[in-house]
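Here is the structure we will look at, set down as structure tokens.
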Amino acid sequence: MKILGIESSCDETAAAVVEDGRIVKSNIIATSLDEHKLYGGVVPEIASRRHAESISGVVKEALETANCTMEDIDAVAVTFAPGLIGALLVGVNFAKGLAEATGKPLVPVHHLRSHIASNYLTSDVEPPFLCLVVSGGHSHIVAVNSYTDYKIIGKTRDDAAGEALDKAGRSMGLPYPGGISIDKISKDGNADAFAFPHPRVDGAPYDFSFSGLKTSVINIIHNSQQKGEEINIKDLAASFQKNVVGCLVSNLEKVAKDFGYNKIVLAGGVSANSLLRSECEKLCQKHKWQLFLPELKYCGDNGAMVAAQGYYEFVAGVKADADLNAYATMPIDNVNF
Ligand code: KG4
Ligand code: ZN
């Protein structure tokens, strides 16, 4: 079964053809990242306009690269939530028009579910497993009970891990996205140079809180400026990254132990982080747990992960009508459309 996946939740316009949820036939991505860099973050209107310009060409290229026409496609899967609403609407409306015109079923896909599905593209992992989903907008520890049944066990109370890295990177004067910049320069920094607190959420041992850490970075920078002291940004970045990764990994360990999981999966843009990947490898070696990491090219937003999840939603009977809408927020474990 061949699924066409369409993604436009943030600044990537992407489309892909994937067979049986696992075999990537094509994966085309156009990004407006360079334009957003000028503003230090994604500008929603620019993202929407670039999606509108690129989407037709990206979908065409995805079909051509897969050696397909719409006749070969069994269903059109599209990211409908969560994300930037104007950006999502471009993909959703394009997918609706395409599905309607070609008589193909339309399958709505939750963005975080598709991030998790990026693991299906390069490994044979199957639910049930425990997944740490870390992106620019979300930080969740999720029990993936089946391809379409999820339960959030831990989540952030404020900023997502990616958001905290991006904001900290910005206050350090690093190029957007801060997560990638911090990962790069941390390799030459001393991760023990600065001490950060490990924020805990009272009464919620599996939840995260990252907004205080971001304030700590700003305070360190202001204090050094006031004292006229030079700050070593590589050391600051490495120390901050170590702390964020430490928070993620220690909660992941707690949940896996308390709930008895021995199959761990990572997903989302931040799962590309080299320290997070190596710390999860150490953790899983220590406990003899199985670890699955998405391939780097599938960590960020892409159409293949949407087609992969779309396949599993479709075989589970999920189908939308032509009145499908887009939603800026929607919990992964209670999807409505
Ligand atoms: O999943 P994603 O592409 O988009 C959302 O759904 O949000 O995630 C984007 C986030 C950004 O915050 C970016 O800084 C972060 O992923 N990111 C990284 C790395 N690559 C991307 N964070 C840390 N290290 C990386 N190597
Ligand atoms: Zn994403």
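The values are calculated or read from the model by the stated rules, or taken from the named source; none is laboratory data. What you see is a predicted model; the values in this text were computed from it and never measured. FYI the Cβ positions are ideal-geometry reconstructions off the backbone, even for glycines, and counts take in every protein chain you see. For accessibility, only protein heavy atoms count, side chains too; no ligands or nucleic acids. Shrake-Rupley method; radii C 1.70, N 1.55, O 1.52, S 1.80 Å.
So here's what we get for this one:
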item	result
Which listed residue, of Val270, Val245, Val249, Val255, is within 16 Å of ligand 2 (Cβ to nearest atom), modelled with pLDDT of 95 or more and aliphatic (A, V, I, L, M)	Val270
Qualifying residues in the stretch 1-32 (those that are without any contact (Cβ under 8 Å) to a residue 40 or more places away in the chain and within 16 Å of ligand 1 (Cβ to nearest atom)) - the one farthest from Val315 (Cα to Cα)	Ser32
Residue satisfying condition, being assigned to a helix (DSSP H, G or I) and over 20 Å from Glu19 (Cβ atoms), within set Leu63, Leu98, Leu132, Leu112	Leu112
Options Ala204, Ala191: the member that is open to solvent by less than 40 Å² (accessible area, probe 1.4 Å), in a loop (DSSP other than H, G, I, E, B) and touching a strand residue (DSSP E or B) at 6+ places or on another chain (Cβ under 8 Å)	Ala204
Those residues of the stretch 300-319 which are within 14 Å of ligand 2 (Cβ to nearest atom), of a type in the set (Gly, Ala, Ser) and open to solvent by 10 Å² or more (accessible area, probe 1.4 Å), in sequence order	Gly300
Any pair with Cβ under 6 angstrom, 6 or more apart, that starts in the stretch 110-122 at a residue that is under 15 Å from Asn145 (Cα atoms) and away from ligand 2 (no atom under 11 Å from the Cβ) and ends at one that is open to solvent by 10 Å² or more (accessible area, probe 1.4 Å) and of a type in the set (Val, Ile, Thr)	none
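Matching residues to (1) acidic (Asp, Glu); (2) touching a Pro at 6+ places or on another chain (Cβ under 7 Å):
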position	(1), (2)
Ser278	no, no
Cys284	no, no
Pro294	no, no
Glu313	yes, no
Leu324	no, yes
Ala328	no, yes
Val335	no, no
